[in-house]
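Asker: Let me give you the structure first, and then I'll get to my questions.
The values are calculated or read from the model by the stated rules, or taken from the named source; none is laboratory data. Computed from a predicted structure; not experimentally measured. No Cβ is skipped: glycine too gets one built from the backbone with ideal geometry, and neighbour counts run over all protein chains shown. Heavy atoms of the whole protein, side chains included, go into the accessibility calculation; ligands, DNA and RNA do not. Shrake-Rupley method; radii C 1.70, N 1.55, O 1.52, S 1.80 Å.
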Amino acid sequence: MIKLETELRNIKGINEKFLTKLDKLEIKTVRDLLWHFPFRYDDFSSVVKIADLKINQAATIRGVVKKISLRRSWRRKFVIIEVLVTDETGGIKAIWFNQPYIAKVLRAGIRVNFAGKVILSNEELVMQSPAYEPVTATTQTRHTAGLIPIYSETKGLTSKGFRFLISAILRAMESVKDFIPEEVLSSNEMPNIMTALRNIHFPLNMGQAERARERFAFADLFLLQLTNLKNRIALSREKAPPLVIDAVWTNEVISKLPFVLTEAQRRSLDEVLADLRKSQPMNRLLQGDVGSGKTVVAAIAGFAAAENGKQTAFMAPTEVLARQHYKTFAKIFKNMAIGTGILMGGETRAYYGDDLEAKVSRSKLLAEVESGKIKILIGTHALISGGKTRKPAQFKDLALAIVDEQHRFGVDQRAALVKQEKTPGEETTVHFLSMSATPIPRTLALTVFGDLDLSIIDELPVGRKQIITKIVSPANRQKAYDFIRQQVKAGRQVFVICPRIAAAEAEGEAVEDEPRDKRKDLWAEVKNVTEEYERLSKSVFPDLRIAMLHGKLKSTEKAKLMSDFSAGHTDILVSTSVIEVGVDVPNATIMMIEGADRFGLAQLYQFRGRVGRSDHQSYCLLFTDSTAETTQSRLNALLKAKNGFELAEQDLALRGPGEFIGDKQTGIPDLAMKSLNNMELVKAARDAAASIVKKDAELSGYPALRAQLASFQQQIHLE
Ligand code: ADP
Ligand code: MG
């Protein structure tokens, strides 16, 4: 009997050529095939008498083949096949180009269904390239007379082929036990898995297809919520070192800051400190707009740990940012003698409340981390937490791990840090705080990062100037360049961001349905930024100092470029989106974005946040060639928005959740991703997961669900 796990190559009767092509689409098992859902349906459900056909109508006709003729086109380039079919009301011709094999399938005298569009050709109605299907009295039609599923195809593997194979397999396979508990299905009025599979491929009406699709999205959301809940429970059973945090001490530290904390910073800090007092590990996401001041909240948490004699690991996504954090820490706490070190590929430094720039050897720094003299160690994710090939730094007594711009800490990384513990049997889990400037709508954050607690900094420090944002049409490009020159002459600096051009576009060929080749993509991006750099430095601003930054550069080169820019040695930095996360160059006052329509609102918002960090007025110039109304209104939203969260909500509605959890492959199934803005469905999945876990946390009464959850967790790797 055919099961979901059955490999297609072990099923008799599937042609070898077909298998090779399926293989190309990564379709190897019955499950892969059945989960290759149609992306749309052609509606040929109305069966019409030939005499009633109208021009441009999409319909199915039933009749008898009267005559078949093959002829060459007048240029002899291709074969035209014409089939005359009649029913009791009249006759119509169907024509195909270059498909001579049709003459073998359709013989005069057989009964057929044709489904397609009726067009006018040489003054007569014809059906052009209709789907065809020989029928008998008992045929269950698959290609005509209904909603016809259309699949993403590859050469030689047509929708027709998919329909044929899928319907045969659905008929022959063993019924699948549903992993969603019966009670969940019935209380949510969801079809069971077999019905849903049948209905998503061969629906009788659109309602059936939609309910089936919803069920599959629900299934993934349900598993996602269960994963979150189980993670939460597991974490609450672990022990963490509770810290003693004294309000007098905290207030003193805060009063020594060179600025006053905002309400939102204060609130977030209190939430973090409350977590640190507990003997269960903190698992918190601190969200706040660019420039909202997350670092200081993190820093105070780190210093609270240091006050308790414990250590903190602070992990940044890039060396540039690690360096920036190191400086921020030093600046904020310059009067407090707390050993702080920075560990990077090319350099290691440490300071103890004195010389920030003092270099130490790598081995000395690591030794002082191990002896506990260094209380706060800053570096990149890989350097501190270790990776597949590297060992993590050895801490004497690590209590807190802070990660910047990485929504979730990898299970492996966490495990590597937990293993730090010296006394066996007394393992504790470190407290975790992750920080993100990506303003994820709260609802979405609760779904995807549902095992994290959330603190949100939703206000900027007072006195920040509004960034003047303008949409620049091609006609005003020169004016904008003049303005940029004038700003540079006044001593300011400029970012120019270039979009990624899809590899396909760059090479002028269409590769629809092919997975995007990441490497090609990166090169296309580099090519684009290189061209822009050349143009600006040769013809537009030959007199200015221009540099170029992109993902193909070595990290030491990037660091050098950034520090040159920071130091004011460069006027204009042309960059790909690598500039996106966190860089702080107060003297940069213009953010110019090429092809602004190619970026998501949330991302544009992030770019804009790179400027407006000083007393100088800052500007964001959005260049676009697109005059489409949707583009204009989308970009206009950026002009009006009060904060990133507001934009995030809009992006969620306009572009879907991919924008937030985005480029990085999360492993969250497609359908579930698309459904993340269906709040009702998300909520239903949350409730269902909560009620099951409440009843049976170990899922011992739900073996099928348990098994499915295990494989789901393997598949997703949230970061
Ligand atoms: P982000 O949240 O983007 O990481 P940072 O923590 O880098 O923001 O803070 C941006 C800048 O604002 C830093 O230079 C920091 O010192 C400063 N800053 C932080 N909090 C305040 C505040 N409450 N008032 C004034 N400036 C602040
Ligand atoms: Mg930051």
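Asker: Is it the case that some residue within the stretch 276-288 is open to solvent by less than 10 Å² (accessible area, probe 1.4 Å), over 24 Å from S614 (Cβ atoms) and away from ligand 2 (no atom under 15 Å from the Cβ)?
Answerer: The answer is yes; a qualifying residue exists.
Asker: Just to be sure, is V85 under 23 Å from D52 (Cβ atoms), more than 46 Å from the chain's Cα centre (by Cα) and in a strand (DSSP E or B)?
Answerer: yes
Asker: Follow-up question, since we're still on this one. Could you pull out the residue among L383, L417, L398 that is under 23 Å from L286 (Cβ atoms), away from ligand 1 (no atom under 16 Å from the Cβ) and at pLDDT 90 or above? So that I can check it myself, show each step before the final result.
Answerer: On the way: L383 fails: at pLDDT 90 or above; L417 fails: at pLDDT 90 or above.
It is L398.
Asker: Right, next: Among the residues of the stretch 253-275, which ones are part of a helix (DSSP H, G or I), at pLDDT 90 or above and away from ligand 2 (no atom under 16 Å from the Cβ)?
Answerer: I254, S255, E263, R266, R267, D270, E271, L273, A274, D275 - these are the residues of the stretch 253-275 that are part of a helix (DSSP H, G or I), at pLDDT 90 or above and away from ligand 2 (no atom under 16 Å from the Cβ).
Asker: May I pose another question? Given the condition over 31 Å from the mean Cα position of the chain (by Cα) and either in a helix (DSSP H, G or I) or farther than 23 Å from D397 by Cα (or both), answer yes or no: does some residue in the stretch 230-247 qualify?
Answerer: yes
Asker: Checking the conditions here, which among A602, A547, A588 is touching a helix residue (DSSP H, G or I) at 6+ places or on another chain (Cβ under 9 Å), within 16 Å of ligand 2 (Cβ to nearest atom) and at pLDDT 90 or above? Before the answer, list the steps.
Answerer: Working: A602 fails: at pLDDT 90 or above; A547 fails: within 16 Å of ligand 2 (Cβ to nearest atom).
From the options A602, A547, A588, the qualifying one is A588.
Asker: Filter the stretch 97-113 for residues that are within 50 Å of the chain's Cα centre (by Cα) and either without any contact (Cβ under 8 Å) to a residue 12 or more places away in the chain or open to solvent by 40 Å² or more (accessible area, probe 1.4 Å) (or both) and give the result.
Answerer: Answer for the stretch 97-113, where residues must be within 50 Å of the chain's Cα centre (by Cα) and either without any contact (Cβ under 8 Å) to a residue 12 or more places away in the chain or open to solvent by 40 Å² or more (accessible area, probe 1.4 Å) (or both): F97, N98, Q99, P100, Y101, K104, V105, R111.
Asker: Where in the stretch 149-209 are the helices (runs of 4 or more DSSP H), entirely inside, with at least 3 residues that are without any contact (Cβ under 8 Å) to a residue 40 or more places away in the chain and of a type in the set (K, R)?
Answerer: It comes to 159-172.
Asker: Determine whether R142 is assigned to a loop (DSSP other than H, G, I, E, B), closer than 20 Å to I61 by Cβ and not aliphatic (A, V, I, L, M).
Answerer: yes
Asker: Could you check, for the stretch 633-656, whether at least one of its residues is under 24 Å from I200 (Cβ atoms) and modelled with pLDDT under 75?
Answerer: yes
Asker: With the structure loaded, tell me whether R9 is loosely packed, with under 15 Cβ neighbours inside 10 Å, within 45 Å of the chain's Cα centre (by Cα), within 27 Å of L147 (Cβ to Cβ) and modelled with pLDDT under 95 or whether it fails that test.
Answerer: When the stated conditions are applied, R9 does not pass them.
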